[in-house]
Each structure stands twice: as C-alpha cells, then as structure tokens.
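The structure appears below as structure tokens.
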Amino acid sequence: MAISGNQTPATITGLKISALLALVLSWPVLSQARVDTPAVDESGSSSSPATDAIEIQQVAFRVRSEFQADLNADSGWAAGVNEPAVVQADEPFRIRFEVQTAQSAHDPVRFGLQFRRNGGQWAPVLGENFPQPEKIAKIEPRDESADVFRSSWVFVEGGVRDLSINGKGSGMTLGHNDPQASNNGEHPVLAFSTHTPTWEPTEFASELHFSSPGELSGGLAVHYHSPQDYVRVELANGKALRVVELARGRASVLADVPVQFETSEWIDLVVKLDGSDLNVEINGEELLSDIPLNRLEPRPALGLFKDGPGFVEFRNVVMEGEPASPMTSIVAARGFSHGAQTEDVLDSSDLEFVGGSGASFSSLTKPVEITEGHIELEFPLVIRMFSDGAVRSESGDFFEYRLVDEHGNTLSFQHPAAVELYVPDYHLGGTFVETPMRMGPWQSADGSLYFLMEPAETWNALMVVRSTDKGKSWREIDPQGRPETGDLEGLGSFFDGRSIHIFHQTSDEVVYHVFDTSANSAELGAWVITDELVETPTEPPTQVADIGVLSDGTVVGVFADGRGLKLKTRERQGGWNQTYILEQGETTTASGPSVVVGKDDVVHIVYTLDNGQAIYRQFVTDTGLAAQEVISGEIGTGEADVGALLPLLYHENDNSVSVIYRAQDQRLYERRRSELGHWRRAQRVSVSPVVQNAVDSDQVGADAISHNGRIHLLFVHEDSRQLFYTRQASETWSNPVEVTSEMNVQWVRGALIDSGGRQRYGFVLDAGSDGGSGMNKYREIELTTP
C-alpha cells in the first residue's frame, strides 16, 4: 500500500528569503517618536500624541513557531530577533515584542495589534479563536468547591450566604429554605459574576425554576455599567416578562408584557444584545425585540437576581459572543493564560526590564504598568487560508504586525513584525458541511479534482474547490456564481461525469444546485443551477439529504420532513414531480438516508430509524417504491445514531449493493444484497470501536468506496481519533493500517481516483477542527489487489 499526500517540506526557512530580506531593507527606521493616532495608513508612521503624550517604542520582535512553549521559554523560535519568519497557514504561531520608554504613564496601558497584508491598509487584529471560533462562557460550580464558587460573585443586594449550589453542582439557588440562614427567602438578592470573558458577550442565558408563585420574581441582569447602571430582565409572578433599566439607581420600565408559564417547570430565558437594542426569548419564542437601551458602554458582566418571598434556581448559565474567522487573529494560547507575566527574554533594549504580559484570545492585553524601562508582550496568532467572506490567503503573502494601544494609537517601531505565509501541499483549509453524504473529491475527464466545502464555520457559503495538480493545491471556482443558500446542514451530491448535482436541506427548505465542470473553459467549471426550490418541509430533528441521477437525466432526491423521509424526482428539463413517502414518521424518526443508482436505473436507498433499525428500499420511476427490508436491528437508539450509516455502495461487477453501519457495540458491520435480492449475513468490518458524532453532525466517522467488487474503507478510531484503512478480501478484512500522521481526525469523505492509470482512494479529512475550520487536508491511498 502506498500513501501520498501527507508530505511536508524538508525545510521552509529558506523559502523566498531574498524577497524577505528586500522587504526588511525597505522598512523605515523610525526615530524615537510619540505614539501615533488611530489612523490606519500605509506607512505606519504618524506624529500625534497618545495618552499622557509619552514616548513608547517597539524595539524588537521575534516569531515563535513552537505554539505550546512556555510563555518565557527562550526556545521554539522560527527566526532570529527582528528577522521575518515563514509560518504555515492554519497553524498557530506567536510573536513576542520588546517595548521601551524613558518615561512613566499615569495609567496602565492595554496593547493590541494591527496588521497589513502585502503592503496594503493596516487593520485591527481581533481576538478570535482557532480552529473552533466559539465564544461561550459557562458559569457553573461543577469544578469548584461551594466556598470558592460563592466567592466569585459580587453582591449588590444580599450576601454570599444567599447563594447555594444545587445537587451535583448542576446549578445554583438564590435564597434559602433554612430557618437558620440569614436570608429565609424574604429579602432581594442581586449578584454579579466576577467571570468576565476576554471577548464581548452578546447573548446571556439561563434556565430558571421558581419555588412558588405569588410575588416572587427573578431573572438576569445585563448591560452592566455599575451597581447603579444596568438592565434587569425579569420573570414576575408567573405572569409577566419585564425589562427594567437602572440609570444612576433610578429604575425605568422599558417593556412589560404578559406571559404564561408554570412556576413548577424550568423556563429557558435568553437575552440578546444587538448594539444598543435588547431582545428576549422565553422557551425559544422571541417575546421582545428591539428594546432600546441607554448608550453607556456595557461591561461583559452577568448578574442573577431574585425578589420577593421564595427561592429561584438557575442552571445552564452562559454568556456567548458573536464569533468570526478573520484572515488573522489573536487566538487562545496553550502555554499560558491571558495576562500571564512575561520575563526578560529578548535583549535588544539596554533599559531595565519592568514587566509585561501575554495575551490570549483577546484583542487587547491586560493593563500593563508603564514605567521607565522595557517590557515584553507576546501574542498567539493564526493566519487562515480561507477566512470570512471566502477570502483566500496565498503562499508568499507577506503579513506585517505593529503594536497599538487600546485606543488604536500605534507605537513607533524600528521593524514591524513580519511573516511570510506558506500553504503546504494537500491543504484545503475551510470546513466540512454538516451531515454530508458523498462530497467528492469528484474527478472530471481532464483529471481535475473537485470538492464541496465551506470557507469557515462563521461564513456559511457552499464552495466548489478544484485541484489541477493531483490534490496539491486547491482554489474555489466561480465564487461569483455560488448558491445564496448558506445554511449547510444536510448535503449530498452526485457526479455524472460532467456535472455535480447537489441536494441541500436547511432548517426551512430543500434546494437543488448544479455545478458544471466543463461550463467555463477558462476556469474549468461554473455554477449553472443554484437555489432551485424543491420543497419547504416540516423542520426535522436533523437535516439530511442525498441524491442520485438516472441515465436519462432524471434526478432523485431524498430528504427529511419532520420525523419522516420523502423522495422527489426532477425531469432533465426541469420541474420537480411526484412526491413519495419513504417513512411517515408517525411512531419513529427516520433519518440518515443514503442513495446510490444501480443497473437499469434502480435506485437503492438506506436509512435509519430511532428504534435501532436500518431499512433498505428500492425505487424505480415506473413502479415507485418497493417494500421495506430490515437490514439490522442493532443500530444504536441514541440521538446521534441516526447517522450510523456510511454512504451506500454499489458494485458494478455483480450488481450488488453493500450497506455499512455502526452498531450499538461501536463496531462497523457490512451486509451485501445480491442482484437476486438475497442478503448476506452481517460481517464485522472493524474490531476497533469507531467514533460517532465526533463533532456536531451525528454521523459515523468512516467512509468507503467500491473497486472491482471489493470495499476499501477508512474509519476513525473512537479512542485515538486516528484514521485507519482496511480493505475487503473475500470473506475477511485486512488488518487496519494507520494511514496518516494526523491525530484527532473528525471527518472523512472520499472517492475513487484515477492517477495515470493507477487507481487510488482520494479523500479529504478534517484533522481536528473541533467543529471549526482550517483543518481539511487531502490524502490518497494507492489501491492494490488483495
């Protein structure tokens, strides 16, 4: 077995070094200068004073490639002091700065960064994490003692004894039912958590449970500015939802609407801030929207309160922010926490070392005392190959970084920190769509490869990326023509040798797209049909879809409708025809469908039921749907087990089909149906447990193709999260072989590829995005005869 696609360059330090040195020599050497204005310009220089009009200068930088190194380790450097370095796309790195001043500032200073690409405009570097851009902070006592957790709250009303932890650390209660307690549930309690994230929260949520009706009320305190300036969102008396704004201690009711809820039940309260407006949801229903708030700049604090006789329980208390995936950002460090103290590592300054700070997942450092001497700052960074807006960074792109204060005023510098981007071979970046069936890589007649994916978790756009060099490099084709539907929750595709047909289910609708690989001779492909509405079904528990195309051009698509499944057909000339019901979904939930077209245009379909069964059916346009055949009753019945089926396989050599599924014991099994309709007994494929729902889309972490009647299979080990390959040999399977060096593999999809007459299994894997983006890579396995 030959494996290719995971090569890394022997050295990258010598790449285009002459170009780098030329740029270094062209940098302006600035004299000691005052901190610049916030203006974003081309030169990086300015003359307006900063706070206190003190002179601060960036005197040195150094790029660190060892991302997990200790903050103050003198190791893991990518280049020397004040030397540009080569960094890899979608691979975090760090930059350390040395800053000096001969003066002292009255107030501490917070530092951030600006960047520019290839000499363009300077722009802020935001705090956005990688590879998972999620911004969520859970305020729970699970990992802390009761005393430690209570000490993390500041009480405006009541005291620390008024907060208790629920059983098993699952939440907290305001008020006590203990006659010996200082508060027997009579007086009000208001407490703010001292946990403040490094990002700006835009959503606050909790589940609430009231001990009794009557005068009891409780809720969340948000938009905090001071103990006298904040907003209360309260549920009162089981009958009202009220928004009250306090300004300098004076209360104003901004909204008061009736609601009906049972105090015996848990109530889900969500408060969203949209600029200076507030929106409120109760149990998933938006009851208040666009409530204008005072324009005081809020702080990222969350409070809980209760008022009146009784007790209010809170659980699942969270703060969330709006994530993004910009071209470059400050990410969470792995070797230190935000605000960790730096030591004197760089030695370019002759002044005394007086401190410094490391930043982590924040646009700004923690406040740093500025006194005569020098400080050191370190920032963990990433440059994404694909970022929001489907913008692509290229090998050879030159990125410069400069320090700014919290007001955007830039420091003078002798050398801006600089790196050159390197995109390794076989790297796609981006992210998988959710619940995918076949996604490619599809191979056109000229040998080009095409794959379907999204640019970023925070930018949901369906892209077709193409490689003309056997998977080494990938570029989006026809971005101007791409579909507008961006909710990429359920997707399946079929390649007819020229066009990629795509069936796409969102929360609201099912649409159809077609990408023609020969429609544009200059670009080798263009979108020819996008966002064609198929149906607007009832929203299912999980969005799923798959598609096949018959020899006469008829399209067959399967999708979810509520708890059931439907099939629809489309004539070659257009127009969706009769609807067929695969499953009604009356007593069970059907999901996870897979479709393959066989001899004489027979459509083979498999899907799961949440009672543990896997079902097979046939469809023929002239006769409709055949009766159900139960393949297995051993599928798991958990929520994620709806995705227990791999893409269905068709064997041309004997007109048989193979169904591979993950059973309750976490192993893969295969059953083959002969041309005569006989099912072979289940054959275990994997001895090792296989991952299910590695990230967020239910499906089993495996893929398979058929070649000359034999199955070649990839699966992700449940425990190690490494990718293994095995192939079928008659009644047995070969011993699994580890096929990549990547750990924490989470997705894999592939297809049969011809490479100069040699058959290969070409596949794309997610090497650990954790539901984020930037980790898609292409690999190949050369197929051999068992």
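For the stretch 714-757, the calculated P(r) over all alpha carbon pairs, in 10 Å bins from 0 to the bin holding the longest distance, is 25, 43, 29, 3 percent.
Legend: distances between Cα atoms for 272/366; 470/568; 366/777; 272/777; 272/566; pairs beyond 28 Å are 470/568; 366/777; 272/777; 272/566. Taken along its principal axes, the alpha carbon cloud of the stretch 636-778 reaches lengths of 45, 44, 23 Å, longest axis first. Multiplying the residue separation of residue 352 and residue 655 by 0.36 nm and subtracting their alpha-carbon distance yields 101.1 nm. For the stretch 344-388, applying the loop criterion from DSSP together with a ceiling of 11 other beta carbons within 10 Å to the GluC sites (Glu not before Pro) yields 352.
Working note: Karplus 6.51/-1.76/1.60 with θ = phi - 60° gives the stretch 711-728 the couplings 9, 10, 10, 10, 8, 9, 5, 4, 8, 7, 6, 9, 9, 10, 10, 9, 9, 8 Hz, where Gly and Pro are set to x.
Excluding same-chain residues fewer than 8 positions from residue 306, which lysines have a Cα within less than 19 Å of its Cα? The qualifying lysines are 239.
If you scale each eigenvalue of the Cα gyration tensor by 5 and take the root, what three semi-axes come out for the stretch 667-729, rounded to whole angstrom and sorted largest first?
Values: eigenvalues 113, 33, 23 Å².
Its equivalent ellipsoid spans semi-axes of 24, 13, 11 Å.
Remark: relative contact order (the stretch 278-399) = 21 percent; criterion is Cα-Cα distance under 8 angstrom and separation of 6 or more residues.
Hey, what's the Kirkwood Rh for the stretch 96-253 if you take every pair of different alpha carbons, in angstrom? Its Kirkwood hydrodynamic radius stands at 19.5 Å.
If you build the Cα gyration tensor of the stretch 277-403 and take the root of 5 times each eigenvalue, what three semi-axes come out, in whole angstrom, biggest first? Intermediate values should be presented prior to the final figure.
Details: eigenvalues 306, 121, 39 Å².
Here the semi-axes work out to 39, 25, 14 Å.
Given 20 °C and 1.002 mPa s, compute D for the stretch 206-287 with the Stokes-Einstein relation, Rh being the Kirkwood radius over Cα pairs; round to the nearest whole µm²/s.
Working: Rh = 13.1 Å.
Using the Kirkwood radius from Cα pairs, D works out to 164 µm²/s.
Ordered from longest to shortest, the equivalent ellipsoid semi-axes for the chain are 49, 39, 23 Å, each the square root of 5 times a Cα gyration tensor eigenvalue. Shown here: the stretch 613-660, whose C-alpha atoms stretch 36, 25, 14 Å along the first, second and third principal axes, sorted largest to smallest. Across all directions, the shadow cast by the convex hull of the stretch 500-563 built on its C-alpha atoms averages 4.8 square nanometres.
Given 20 °C and 1.002 mPa s, how large is the Stokes-Einstein diffusion coefficient of the stretch 525-634 in µm²/s, with Rh as the Kirkwood radius over Cα pairs? Don't jump to the answer; show the numbers that get you there.
Details: Rh = 14.5 Å.
In µm²/s, the coefficient is 148.
Compared with the rule-of-thumb size 2.2 N^0.38 Å for a compact globular protein, the stretch 717-786 has a Cα radius of gyration ratio of 1.21.
Hey, any idea what the orientation-averaged projected area of the convex hull of the stretch 587-683's Cα atoms comes to, in nm²? List each step's numbers first, then the result.
On the way: hull surface 24.7 nm².
So the Cα hull casts an average projection of 6.2 nm².
Taken over the alpha carbons of the stretch 355-482 as equal point scatterers, the Debye sum produces base-10 log I(q)/I(0) values at 0.21 Å⁻¹ of -1.25.
Inverting the mean 1/r over all pairs of different Cα atoms, compute the Kirkwood radius of the stretch 645-691 and quote it in Å.
Working: mean 1/r = 0.0894 Å⁻¹.
Every distinct Cα pair counted, the radius reaches 11.2 Å.
Principal-axis analysis of the Cα atoms of the chain puts helix 17-26 at an angle of about 30° to the longest axis. The local environment of residue 741, defined by Cβ-Cβ distances under 12 Å, has a net charge of 0 under the rule Lys, Arg +1 and Asp, Glu -1.
Any read-out appearing in this document is the output of simple, stated calculations on the displayed coordinates, not a laboratory observation. Since we're looking at a predicted model, the values are computed, not measured. A quick note on method: Cβ atoms are made from the backbone with ideal geometry, for glycine too, and the neighbour counts reach across all protein chains shown.
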